Amino acid sequence: MKSAIPKTVVVPPGHRRVGMEDSHAAALAVRQCNVDVVAAYPITPQTHIVEKLAEMVANGELDAEFVPVESEHSAMTVCVGAEAAGARTFTCTSSQGLILMSEVVYITSAMRLPCVMVLANRSLSGPLSIWCDHSDVMSIRDCGWIQTFAENGQEVYDLVFHAYRVAEMADVQTPVILNVDGFYLTHVVESLLVADQEVVDRYLPPYRPRHSLHPDRPVTMGAYGVPDLFTETKKAQDEALRATYPHIVRAWQEWGDLTGRHYHPVETYRTEGARVLLFTMGSIGQTAMVAVDTLREQGLPVGLVKLRLWRPFPHEDLRRAVAGAEHLLVLDRAVSFGGPGGPVASEVRSALYGQVDAPVVHDFIVGLAGRDVAVPDFEAMVREVLARKTAPRHEDYVIYGARE
Amino acid sequence: MTHDEGTTRWGSASGWPLPPGQPLPTNLNVYVANLVPKEEYFAQGHRACQGCGLALAVRLALKAAGPDVIVATATGCLEIITTPLPYTAWGVPWIHVAFENTAATASGIEAALKVLRRKGRIPDRKVRVLAFAGDGGTADIGLQALSGALERGHDLTYICLDNEAYMNTGVQRSGSTPFGASTTTSPAGKKSIGQQTWKKPMPAIAAAHNIPYVATANPSYPYDFIQKVRRALDTEGPAYIHAYSACPTGWRSATDLSIHIGRLATETGVFPLYEVIEGRHVLNYDPPTLQPLQEYTRLQPRFRHLTDDDLARIEARVRREYDALKRRAELDAKEEKRLKREAVRARRAQRAQRTASDP
Ligand SMILES: Cc1ncc(C[n+]2csc(CCOP(=O)(O)OP(=O)(O)O)c2C)c(N)n1
Ligand code: SF4
Ligand SMILES: [Mg+2]
């Protein structure tokens with residue numbers, strides 16, 4: 001049986017094992033993707049990524065233009081302009097930076113520009129807090145980007161390559177946000193498998209945009225939508241995002257074939273025979289695995305489902321993964337004020353709505369702004385779910401551990 | 001159609017535009033239509049109102065730029081009149097992203113061109129980057145992105161099309177609306193004169209970034225206008241042009257008077273034509289006497305409510321500012337001469353020293 005903590009570590013061919021901070025792993029991957037333009041504005045906890053990239057450009061390790069913009073709005077815009085002119089770009093941000101640039105985030109996907117962003121997840125003000133939760137990404141949930149989540153440093157590193165691979169595919173041409181939990185991942189030093197450049201080059205072809213701004217082939221980009229056409233452009237955009245799904249899976253398959261590290265839209269851990277399934281996104285999944293081990297030792301039939309692909313939402317994979325369980329304990333890291341519970345639970349509920357034998361969804365909002373969720377917390381939540389006499393209504397949720 | 005770096009496809013044979021450093025002609029009435037390129041990169045059939053000064057400014061700017069240019073445009077009249085999906089009026093590569101970030105869009109394009117050329121992924125020739133934004137998209141909501149782009153030193157030209165209000169959204173005031181003008185959010189009324197603040201000095205703000213080239217330009221003087229755009233595009237680093245853009249719809253003026261009103265703007269001193277080259281101010285046109293304001297404001301009903309006293313007050317300020325500009329240009333010219341003299345003296349001294357130390 002798989003265990004949460006791997007016992008032996010084999011270095012696969014074409015790799016070396018290196019200890020490094022996850023932020024630096026992200027920067028290294030970006031460098032290995034040979035990006036052309038980097039534009040970013042500092043905000044904790046994203047800073048180590050940009051700093052490292054600035055250093056790489058300054059040292060000549062990365063031949064790119066580093067544009068030290070005056071705001072995140074301009075960071076995203078510079079990437080849009082550069083991408084439109086045919087460059088491979090990178091930006092990263094967090095929290096306030098994301099909502100400041102969010103206007104342009106929506107435009108990027110509508111223009112089908114395959115930008116890549118690492119989002120070091122952090123809570124939104126106010127009150128101001130620099131710590132991790134998912135309120136930032138949830139604020140742009142419907143922005144039309146492909147959105148993935150990483151759980152540890154290795155995944156951060158691997159998923160950067162996947163992001164570029166998918167985004168730039170001729171049939172995809174859609175930007176990608178890679179979510180990386182602030183501090184839990186960005187500021188942690190881990191032992192990672194780093195791929196040789198040759199492996200990366202086999203995986204990621206050079207960027208060849210279908211259209212770009214150049215006098216040799218003049219194009220107009222960003223024309224405005226008259227009512228007569230707007231609906232059609234939005235339908236096309238939605239269909240295009242949905243249609244990215246098989247390409248996302250294929251790109252993971254290719255990476256898995258090359259490196260032995262496989263990724264899936266929905267991943268599971270010890271779900272066989274589980275009555276209660278935990279449901280997580282991001283770094284919290286690592287603790288959840290330990291919690292599952294602990295609870296299983298106590299004889300509680302608990303398993304774990306982890307969502308790696310947030311957009312396009314993998315409805316089918318989710319249904320398959322939770323089939324047969326009685327309870328689905330969804331851990332949300334954001335509040336949808338005055339709405340139907342946390343954003344993740346409400347999506348999960350709608351995915352399961354009307355399904356025969358679907359598990360009862362229990363929504364727990366946890367880990368806001370870096371509040372730790374430790375193994376005993378999982379235990380307490382599982383016991384609470386099992387003790388519930390009646391199923392919660394669709395709109396019920398608990399903000400777990402909040403003092404009155 | 002292409003042209004090599006440093007030479008202009010259409011200019012070199014005619015000796016026009018004038019090389020950088022050479023003063024622009026002060027007789028702005030010369031008729032040089034035959035020297036202006038015939039090619040049009042701004043197509044007919046766009047949706048500007050009749051008599052739109054902004055559309056004229058853009059047409060001239062594109063003639064100045066020629067084909068090897070990429071254009072970024074802010075949300076605003078220009079974007080709306082030229083690109084209703086699936087149509088476009090642009091014969092050159094063009095992009096619109098949003099309202100306040102045109103300078104950043106242009107920065108990104110410039111960065112991409114630089115690195116892609118370095119890496120051999122695009123043809124190895126100079127392609128210029130030109131940004132257009134309205135006065136709102138420049139002086140108000142876009143000021144931060146512009147300041148960032150100017151400070152970072154991108155090689156681009158930014159043209160503010162100043163029609164002195166947010167026209168695209170229905171003539172609301174901007175920081176660039178002149179004192180006393182009635183707009184929909186600075187309406188003249190019993191308790192208000194209309195716009196209660198003085199126009200934000202955008203060219204001076206741009207010049208304060210110590211960029212190599214700043215100019216004001218007015219499509220009512222097309223020869224001067226084209227020269228300046230060309231000069232800006234040929235400048236290495238950021239260049240800023242503040243373009244007067246008459247707007248009959250927003251100013252409630254007659255559509256056949258836009259050129260005339262533009263001329264009056266310069267002849268009254270309301271919109272002086274000048275350049276700031278490497279920090280040095282050059283007044284391109286100094287009318288023998290500044291015209292009184294009356295005719296200028298009479299033709300624009302946005303000023304209709306102003307009394308003679310109001311006009312006198314505005315005129316006093318216009319003249320004060322004009323005089324200050326003129327003094328500054330004279331001082332800069334003097335300083336320039338002094339520096340030249342000094343340089344000559346230093347060279348002579350050096351030569352003398354060398355001769356003395358010759359064996
Ligand atoms: C962030 C944002 N705020 C407001 C608007 C609405 N808006 C679009 S154009 C415009 C005014 C444009 O004024 P200006 O820049 O002077 O250009 P003009 O239309 O006058 O040429 C406004 C307020 C917008 N598109 N985006
Ligand atoms: S409103 Fe003014 S600036 Fe806009 S198109 Fe009409 S005349 Fe031109
Ligand atoms: Mg305007």
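Any chance the stretch A:211-229 includes a residue that's among the aromatic types (Phe, Trp, Tyr) and surrounded by 13 or more Cβ atoms within 10 Å (Cβ to Cβ)? Break it down stepwise before answering.
Taking the stretch A:211-229 as the starting set, the residues that turn out to be among the aromatic types (Phe, Trp, Tyr) are A:224.
Then drop every residue that is not surrounded by 13 or more Cβ atoms within 10 Å (Cβ to Cβ), which leaves A:224.
Yes, some residue in the stretch A:211-229 is among the aromatic types (Phe, Trp, Tyr) and surrounded by 13 or more Cβ atoms within 10 Å (Cβ to Cβ).
Residue by residue through the stretch B:44-82, note down the ones that are under 16 Å from A:MET221 (Cα atoms) and either buried (at least 21 other Cβ atoms within 10 Å of the Cβ) or more than 16 Å from ligand 3 (Cβ to nearest atom) (or both). Let's see the steps before the verdict.
We begin by selecting, within the stretch B:44-82, every residue under 16 Å from A:MET221 (Cα atoms); these are B:69-76, B:78-82.
Residues satisfying the conditions are B:VAL69, B:ILE70, B:VAL71, B:ALA72, B:THR73, B:ALA74, B:THR75, B:GLY76, B:LEU78, B:GLU79, B:THR82.
Report every pair of residues separated by at least 6 positions or lying on different chains whose Cβ atoms are under 8 Å apart, first residue within the stretch B:137-148 and in contact (Cβ under 8 Å) with a residue 12 or more places away in the chain, second aromatic (Phe, Trp, Tyr) and near ligand 1 (Cβ under 8 Å from one of its atoms).
What qualifies is B:GLY137/B:PHE99; B:ILE141/B:PHE99; B:GLY142/B:PHE99.
Out of the residues in the stretch A:54-89 that are in contact with a Leu (Cβ under 7 Å, 6 or more places away or on another chain) and either within 19 Å of A:ASN121 (Cα to Cα) or among the β-branched types (Val, Ile, Thr) (or both), which is surrounded by the fewest Cβ atoms within 10 Å (Cβ to Cβ)?
Among those that are in contact with a Leu (Cβ under 7 Å, 6 or more places away or on another chain) and either within 19 Å of A:ASN121 (Cα to Cα) or among the β-branched types (Val, Ile, Thr) (or both), it is A:SER71.
Report yes if some residue within the stretch B:161-168 is away from chain A (no Cβ under 14 Å), more than 22 Å from B:LEU293 (Cβ to Cβ), in contact with a Pro (Cβ under 9 Å, 6 or more places away or on another chain) and near ligand 1 (Cβ under 9 Å from one of its atoms); otherwise report no. Walk me through how you get there before you give the answer.
Start the filter on the stretch B:161-168 by keeping residues that are away from chain A (no Cβ under 14 Å), which leaves B:161-167.
With the extra rule that they be more than 22 Å from B:LEU293 (Cβ to Cβ), the set shrinks to B:161, B:166-167.
After this cut, where a residue has to be in contact with a Pro (Cβ under 9 Å, 6 or more places away or on another chain) as well, the list is none.
No: the stretch B:161-168 contains no residue that is away from chain A (no Cβ under 14 Å), more than 22 Å from B:LEU293 (Cβ to Cβ), in contact with a Pro (Cβ under 9 Å, 6 or more places away or on another chain) and near ligand 1 (Cβ under 9 Å from one of its atoms).
Which residue pairs have Cβ atoms closer than 6 Å, lie 6 or more positions apart in sequence or on different chains, and pair a first residue in the stretch B:183-200 that is on the phi > 0 side of the Ramachandran plot with a second residue that is surrounded by 13 or more Cβ atoms within 10 Å (Cβ to Cβ)?
Close Cβ pairs (under 6 Å, with a partner that is surrounded by 13 or more Cβ atoms within 10 Å (Cβ to Cβ)) amount to B:GLY194/B:GLY180; B:GLY194/B:ALA181; B:GLY194/B:SER182; B:GLY194/B:SER186; B:GLY194/B:ALA188.
Pairs, please: C-beta under 7 Å, at least 6 apart or cross-chain, first residue on the phi > 0 side of the Ramachandran plot and in the stretch A:268-286, second outside any loop (DSSP other than H, G, I, E, B) and surrounded by fewer than 20 Cβ atoms within 10 Å (Cβ to Cβ)?
A:ARG270/A:ARG296
Is there a residue in the stretch A:110-123 that is more than 16 Å from A:GLY222 (Cβ to Cβ) and free of Cβ contacts under 8 Å to residues at least 40 places away in the same chain?
No, the stretch A:110-123 has no match at all.
Say we look at the stretch A:26-64 and pick out the residues that are in contact with a Gly (Cβ under 9 Å, 6 or more places away or on another chain) and of a type outside the set (A, V, I, L, M, F, W, C); which of these is nearest to the other protein chains (Cβ to nearest Cβ)?
Of everything passing the filter in the stretch A:26-64, A:ASP36 is nearest to the other protein chains (Cβ to nearest Cβ).
Looking at A:ALA374, A:ALA391, which one is of a type in the set (A, V, I, L, M) and at pLDDT below 95? Give the steps one after another, and end with the answer.
Working: A:ALA374 fails: at pLDDT below 95.
Just a single option satisfies the conditions, and that option is A:ALA391.
Looking at the stretch A:266-274, is at least one residue under 15 Å from the mean Cα position of the chain (by Cα) and over 13 Å from A:LEU331 (Cβ atoms)? Quick ask: steps written out before the conclusion?
Taking the stretch A:266-274 and keeping what is under 15 Å from the mean Cα position of the chain (by Cα), we get A:266-267.
Right, trim to over 13 Å from A:LEU331 (Cβ atoms) and you get A:266-267.
There is at least one residue in the stretch A:266-274 that is under 15 Å from the mean Cα position of the chain (by Cα) and over 13 Å from A:LEU331 (Cβ atoms).
Of the residues that sit in the stretch B:117-135 and are touching a strand residue (DSSP E or B) at 6+ places or on another chain (Cβ under 7 Å) and away from chain A (no Cβ under 11 Å), which one is farthest from ligand 3 (Cβ to nearest atom)? Spell out the reasoning first.
Here is the first cut: in the stretch B:117-135, the ones touching a strand residue (DSSP E or B) at 6+ places or on another chain (Cβ under 7 Å) are B:127-135.
Still in the running and away from chain A (no Cβ under 11 Å): B:130, B:132-135.
Working: B:LEU130: 18, B:PHE132: 11, B:ALA133: 9, B:GLY134: 4, B:ASP135: 4 Å.
So the residue we want is B:LEU130.
Whether any residue in the stretch B:207-225 is more than 16 Å from ligand 2 (Cβ to nearest atom), surrounded by 18 or more Cβ atoms within 10 Å (Cβ to Cβ), of a type in the set (Asp, Glu) and away from chain A (no Cβ under 14 Å) is what I want to check.
yes
Considering each residue of the stretch B:149-176, count those that are within 16 Å of ligand 2 (Cβ to nearest atom) and either within 18 Å of the chain's Cα centre (by Cα) or touching a residue at least 60 places away in the same chain (Cβ under 8 Å) (or both), and give that number. So that I can check it myself, show each step before the final result.
As a first pass, look at the stretch B:149-176 and keep what is within 16 Å of ligand 2 (Cβ to nearest atom): B:159-174, B:176.
After this cut, where a residue has to be either within 18 Å of the chain's Cα centre (by Cα) or touching a residue at least 60 places away in the same chain (Cβ under 8 Å) (or both) as well, the list is B:159-168, B:171, B:174, B:176.
Number of matching residues: 13.
Select from the stretch A:65-87 the residues that are of a type outside the set (Gly, Ala, Ser), within 23 Å of the chain's Cα centre (by Cα) and at the interface with chain B (Cβ under 7 Å from one of its Cβ atoms) and list them in ascending order.
Just the residues of the stretch A:65-87 that are of a type outside the set (Gly, Ala, Ser), to begin with: A:65-70, A:72-73, A:76-80, A:83.
This time we only want the ones that are within 23 Å of the chain's Cα centre (by Cα), so: A:72-73, A:76-80, A:83.
Listed by number, the residues that qualify are A:HIS73, A:THR77, A:VAL78, A:CYS79, A:VAL80.
Would you check if B:VAL97 is facing chain A (nearest Cβ under 9 Å) and farther than 30 Å from B:GLY250 by Cβ?
Working: facing chain A (nearest Cβ under 9 Å): yes; farther than 30 Å from B:GLY250 by Cβ: no.
It is false that B:VAL97 is facing chain A (nearest Cβ under 9 Å) and farther than 30 Å from B:GLY250 by Cβ.
Need at least 3 residues that are in contact with a strand residue (DSSP E or B) (Cβ under 9 Å, 6 or more places away or on another chain) per element, so show me which helices (runs of 4 or more DSSP H) inside the stretch B:191-301 make the cut, counting only ones lying wholly within it.
Numbers: elements: B:202-207, B:222-234, B:248-251, B:258-267, B:294-298.
The qualifying helices (runs of 4 or more DSSP H) are B:202-207, B:222-234, B:258-267.
Can you report the number of residues in the stretch A:145-191 which are in contact with an Asp or Glu (Cβ under 8 Å, 6 or more places away or on another chain), in a strand (DSSP E or B) and buried (at least 24 other Cβ atoms within 10 Å of the Cβ)?
Qualifying residue count for the region: 1.
Has the stretch A:3-17 got any residue that is without any contact (Cβ under 8 Å) to a residue 60 or more places away in the chain and buried (at least 24 other Cβ atoms within 10 Å of the Cβ)?
The answer is no; no qualifying residue exists.
How many of the residues making up the stretch B:136-152 are of a type outside the set (D, E, K, R), over 10 Å from B:ILE205 (Cβ atoms) and within 11 Å of chain A (Cβ to nearest Cβ)? Spell out the reasoning first.
So in the stretch B:136-152, the residues of a type outside the set (D, E, K, R) come out as B:136-139, B:141-150.
After this cut, where a residue has to be over 10 Å from B:ILE205 (Cβ atoms) as well, the list is B:136-137, B:141-142, B:144-145, B:148-149.
So of that shortlist, the ones also within 11 Å of chain A (Cβ to nearest Cβ) come out as B:141-142, B:144-145, B:148-149.
Number of matching residues: 6.
Got a number for residues in the stretch B:177-194 being under 21 Å from the mean Cα position of the chain (by Cα) and within 13 Å of ligand 3 (Cβ to nearest atom)?
Within the stretch B:177-194, residues that are under 21 Å from the mean Cα position of the chain (by Cα) and within 13 Å of ligand 3 (Cβ to nearest atom) number 2.
Could you list, ordered by first residue, the pairs with Cβ atoms under 9 Å in which the first is in the stretch B:65-88 and at the interface with chain A (Cβ under 8 Å from one of its Cβ atoms) and over 18 Å from B:THR105 (Cα atoms) and the second is surrounded by fewer than 22 Cβ atoms within 10 Å (Cβ to Cβ) and of a type in the set (Asp, Glu), at least 6 apart or interchain?
Correct list of pairs: B:PRO67/B:GLU39; B:LEU85/A:ASP228.
Is it the case that the stretch A:192-206 has a residue that's within 14 Å of chain B (Cβ to nearest Cβ) and not in a strand (DSSP E or B)? Reasoning before the result, please.
Start the filter on the stretch A:192-206 by keeping residues that are within 14 Å of chain B (Cβ to nearest Cβ), which leaves A:205-206.
Among the residues that remain, those that are also not in a strand (DSSP E or B) are: A:205-206.
Yes, there is a match, as at least one residue in the stretch A:192-206 is within 14 Å of chain B (Cβ to nearest Cβ) and not in a strand (DSSP E or B).
Please go through (1) more than 10 Å from chain A (Cβ to nearest Cβ); (2) surrounded by 24 or more Cβ atoms within 10 Å (Cβ to Cβ) for B:ALA104 and return the number of the only condition it doesn't satisfy.
(1)
Confirm whether B:ALA112 is in contact with a helix residue (DSSP H, G or I) (Cβ under 7 Å, 6 or more places away or on another chain) and touching a residue at least 40 places away in the same chain (Cβ under 8 Å).
Details: in contact with a helix residue (DSSP H, G or I) (Cβ under 7 Å, 6 or more places away or on another chain): yes; touching a residue at least 40 places away in the same chain (Cβ under 8 Å): no.
For B:ALA112, the condition - in contact with a helix residue (DSSP H, G or I) (Cβ under 7 Å, 6 or more places away or on another chain) and touching a residue at least 40 places away in the same chain (Cβ under 8 Å) - is not met.
The values are calculated or read from the model by the stated rules, or taken from the named source; none is laboratory data. Treat the numbers as computed from the prediction; the structure is a model and nothing was measured. A quick note on method: Cβ atoms are made from the backbone with ideal geometry, for glycine too, and the neighbour counts reach across all protein chains shown.
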